[in-house]
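Comments concern the structure below.
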Amino acid sequence: MPKLAFPAGLSPGPLLDLMTDLHCLHALAGWPSVTDLAKQLSVGRSTIHQMFTRPLLPNRTVFFDVVELMAKQARRIDGDEWCDRLDARWRAAYDDERLAIDLREALRPPEAAPSDTGRREDPPARQDPGSPPTGGLLPDPARSRAVFIGTADFRDPRLPPLPGVAMGLQALHTAMTRPDLGSFPSAERVAVMIDPRSARPVLDAVRLACSAARDVLFLYLAGHGLLSSRGELLLATTETDADPGAVEYTALPYSTLRNLLANSPARRKVVVLDCCYSGRAIETTMGPLSGLSTMDSSAVILASTGPYSASFLDGPAGLPAMTGALVEILNEGVIEGPELLDLDTLHEEIRQRLALRGFPTPALHIQRRDITAAGNVALGRNPRYIPPDQA
């Protein structure tokens with residue numbers, strides 16, 4: 001096919017360099033058509049066309065899917081080298097755009113705040129709860145459940161208090177239950193538990209959600225993560241005794257929660273863990289996500305740290321680092337991002353923000369049973385999204 005139009009009006013800089021290399025790779029790949037690229041990646045033709053022709057930073061997830069596909073199709077080139085090259089180009093353009101936005105915000109006088117009628121201030125109208133979610137990404141309100149659990153205060157002095165955990169849980173709950181942008185607007189289908197005394201009330205709440213959910217089951221856990229003598233992840237409650245001889249029967253083993261999740265009929269299961277050693281939920285001695293999902297469902301775990309790492313509390317607004325970044329993205333949105341903030345988009349955006357702040361980057365593991373559903377769970381609508389016909 002003929003080459004796609006190059007974006008007009010780009011000034012010299014990182015974005016121009018990015019688009020130049022993108023179009024060069026397109027040529028090396030033999031000018032694959034927009035239709036072919038869209039079909040192979042299961043995305044809309046307009047998404048691919050706009051990525052090549054608009055003078056804007058592309059969405060990272062779609063961009064790199066296209067880059068990797070074209071690198072495989074191109075002959076007589078080092079595909080990995082081109083992927084690394086365009087990765088560096090995208091990061092440079094992203095940093096340049098963020099710097100420009102921060103500068104504009106710093107220079108804007110107080111009276112110049114956006115008016116109530118500004119296009120970006122008007123979020124897309126939420127669907128009728130009785131209708132299927134847009135693109136199947138948002139949870140079906142009537143068939144989904146969410147549980148938010150955080151432990152901030154502890155009886156044992158060896159477990160210091162975590163005030164940021166309580167604030168983070170409330171902030172995330174608020175962001176995800178917003179009527180206009182959130183993914184769980186029905187309060188009766190959301191359970192919130194702060195400072196559970198023991199494992200029993202946690203297990204009761206999770207068990208009820210597991211049995212009721214048919215579409216999305218969302219579980220958020222934050223607090224002190226501990227390790228058993230066998231290296232298994234334990235979640236501290238208010239009454240947990242940190243003594244090595246007592247911790248295993250006074251804390252909540254993550255494996256018990258995993259067993260409840262495995263028996264849930266929910267089609268998609270999402271676990272967000274913001275605690276020390278949360279990577280153990282992914283890298284267990286039995287293998288990644290062993291026993292987590294049934295054959296007809298998909299499972300996702302987003303862990304704040306690796307299996308041997310501590311978590312960090314001094315994130316945005318004093319919240320745990322990963323939770324703070326997640327709340328920030330849900331509330332502020334992603335520039336030139338998709339309409340719905342799915343887990344792949346959120347993970348990449350969290351990773352970038354934490355890396356810029358010097359924090360460890362979170363791990364995301366997706367177990368795919370249904371390729372159309374796995375990983376593609378949206379936790380909210382993107383408040384910065386602009387429909388193509390309004391851009």
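The values are calculated or read from the model by the stated rules, or taken from the named source; none is laboratory data. Just so it is clear, the structure is predicted and the values come from calculations on it, not from any experiment. Virtual Cβ from ideal backbone geometry, glycine too; neighbours counted across all protein chains shown.
Of note:
- Residue-level analysis places residue 202 among those that are in the same structural domain as residue 341 (by TED's automatic domain parsing), part of a helix (DSSP H, G or I) and out of contact with any Cys (no Cβ under 7 Å at 6 or more places or on another chain).
- Residues of the range 242-259 satisfying the condition of being under 20 Å from residue 193 (Cα atoms) and surrounded by 16 or more Cβ atoms within 10 Å (Cβ to Cβ): 250, 251, 252, 253, 254, 255, 257, 258
- Positions within the range 173-184 being surrounded by 18 or more Cβ atoms within 10 Å (Cβ to Cβ) and under 14 Å from residue 381 (Cα atoms), in sequence order: 175, 176, 177, 178, 181, 182, 183, 184
- Total residues in the range 302-328, condition surrounded by fewer than 24 Cβ atoms within 10 Å (Cβ to Cβ) and modelled with pLDDT of 60 or more: 4
- The range 46-72, residues that are among the charged types (D, E, K, R) and either modelled with pLDDT of 80 or more or in the same structural domain as residue 341 (by TED's automatic domain parsing) (or both): 54, 65, 68, 72
- Picking from residues in the range 1-52 that are assigned to a loop (DSSP other than H, G, I, E, B) and under 30 Å from the mean Cα position of the chain (by Cα), the one that is farthest from residue 93 (Cα to Cα) is 42.
- Looking across the range 144-172 at every residue that is more than 18 Å from residue 273 (Cβ to Cβ) and charged (D, E, K, R), the one that is surrounded by the fewest Cβ atoms within 10 Å (Cβ to Cβ) is identified as 158.
- Taking strands (runs of 3 or more DSSP E) as the structural unit, those lying wholly within the range 206-252 and holding at least 3 residues that are in contact with a Ser or Thr (Cβ under 8 Å, 6 or more places away or on another chain) and under 26 Å from residue 167 (Cα atoms) correspond to 216-222, 233-235.
- Condition check for residue 270: assigned to a strand (DSSP E or B), modelled with pLDDT of 85 or more, within 17 Å of residue 343 (Cα to Cα) and not hydroxyl-bearing (Ser, Thr, Tyr): yes
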